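Structure first, then comments.
The values are calculated or read from the model by the stated rules, or taken from the named source; none is laboratory data. Bear in mind the structure is a predicted one, so any value in this text is a computation, not a measurement. Heavy atoms of the whole protein, side chains included, go into the accessibility calculation; ligands, DNA and RNA do not. Shrake-Rupley method; radii C 1.70, N 1.55, O 1.52, S 1.80 Å.
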Amino acid sequence: MTATADAGQPGRPDGPGEPEETGARQKSRRFPRLTRDTARPEGGGRAAPGDAPAPARQWPLLTVLGGTVLGLVLVAFGVARIGTLTIGLAMITGSVLRRVLPSVGMLAVRSRFTDMLTYGLLGVLIVLLSLMAQPEPWLEIP
């Protein structure tokens, strides 16, 4: 066969300088019509080496959850203002951890910006609401 006879066949280059297809399709930058899986969030890797025990790999998430559980226990025992402050501060801690750590394990749910914004806003709102709670609010906003 000559070069001109092979030119239009699949798997063969069509001309000089054109790459030969190896059978693998080139990836498109377009979103697929049908979503088959979800993308891993940015920073969603382990927060510790893989040979570490499971709690050590997820310490950022456990820190935020521990602060939240502590706040809920305080609320259950009747110290509502301090409990809700603790919950709000745990959320703000989650926002800070999401910002400063390159990998935060399962604390990463969305993109870094969205996680920081969500955790931070929720934390600030909970803290403000606990400071303005009646009776005898610690913070009065006119």
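Ordered by solvent-accessible area of protein heavy atoms (1.4 Å probe), largest first, the residues PHE77, PHE113 come out as PHE77, PHE113. Taking all protein chains as they are arranged and a probe of 1.4 Å, the heavy atoms of MET116 leave approximately 50 Å² accessible to solvent.
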